[in-house]
Amino acid sequence: MRKIILSACILWSLSVQSQVKALTEDGKEVVLLDNKTWKFVNESDEKTLETIETNEEPFEKTKESTFLVKSKHVDGGFYYNPKKWKIVKAPESATFVEYAFNNISNSTVYALFGSEIMPVQTLKNLKDILIPIIQRNSDYFKLKKSEYRTINGIKVLHVEYSANVKGLDFEYIANLYLTDGGYCSVSTHTYANQFDANRSEMENFVNGIAKAEKAKETVVEIKEGPPPPMAPKKSK
């Protein structure tokens with residue numbers, strides 16, 4: 001249960017000194033930031049943590065998201081726009097992440113796609129497993145939204161949250177989809193001060209999540225076209 005994909009975003013943070021934590025007089029845990037301010041470790045509203053709203057609006061991938069990547073482990077995948085995102089090397093420790101991406105226009109925007117074979121019964125169950133793991137790995141955490149959505153004809157769990165990880169403020173958006181054998185996740189994250197400017201592009205990426213048959217081979221992104229054919233030799 002420790003390999004929850006969405007928490008892999010936390011592993012992609014820079015290795016800097018963790019923040020100092022303390023307790024208030026009434027026993028609430030706070031994190032002391034380097035700028036001499038503080039935050040509650042968990043500022044999520046209790047109702048937000050306990051409930052999942054239902055968004056009746058149907059969502060679809062963009063027309064430009066044409067490249068399908070399939071999971072190697074479960075029947076799931078996603079479409080992305082190769083003109084706006086490039087495949088990069090994933091963290092070696094995050095072996096459960098199948099593909100990692102970087103936004104071409106803004107190198108501070110990252111994305112992950114992965115899957116896990118695990119007998120999760122419901123999306124609510126998946127949320128209940130996921131959130132405590134992220135909380136334990138964050139100096140500060142706030143769940144901003146969790147709701148059921150229909151995206152490309154499938155039911156997903158959509159989550160948005162803020163986290164301070166080792167002194168850095170991040171914003172996250174993710175969609176998670178249950179399959180017969182497990183689940184797959186498409187998530188994006190960036191620094192908090194870059195989030196508003198890149199939110200639309202991040203949402204477009206995670207909305208590429210789709211049902212797909214399990215891949216038989218790994219996708220290799222071709223970054224350059226083939227060389228031009230050689231001119232035929234002239235006969236002497």
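The values are calculated or read from the model by the stated rules, or taken from the named source; none is laboratory data. Just so you know, these numbers come straight off a predicted model, no measurement behind them. Quick reminder, even Gly has a Cβ in these numbers, built from the backbone with ideal geometry, and neighbours come from all protein chains shown.
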Checklist line | Extreme residue, surrounded by the fewest Cβ atoms within 10 Å (Cβ to Cβ), among residues of the range 110-120 that are of a type outside the set (Asp, Glu) and in a strand (DSSP E or B) | finding: 117
Next item on the list: Just need a number here: residues in the range 151-181 that are within 19 Å of residue 122 (Cβ to Cβ) and touching a residue at least 60 places away in the same chain (Cβ under 8 Å).
Entry: 10
Check: How many residues, within the range 193-215, are of a type in the set (A, V, I, L, M, F, W, C) and at pLDDT below 95?
Finding: 2
Margin query: Given the criterion among the hydroxyl-bearing types (Ser, Thr, Tyr), at pLDDT below 95 and in contact with a Gly (Cβ under 6 Å, 6 or more places away or on another chain), identify the matching residue among 179, 218.
Written below: 179
Notebook entry, point to check: Being within 15 Å of residue 174 (Cα to Cα), of a type in the set (A, V, I, L, M, F, W, C) and over 16 Å from the mean Cα position of the chain (by Cα), is that true of even one residue in the range 56-77?
Noted result: yes
Next item on the list: Give the residue that is surrounded by the fewest Cβ atoms within 10 Å (Cβ to Cβ), with candidates limited to residues of the range 64-93 that are within 15 Å of residue 215 (Cβ to Cβ) and of a type in the set (Phe, Trp, Tyr).
Entry: 67
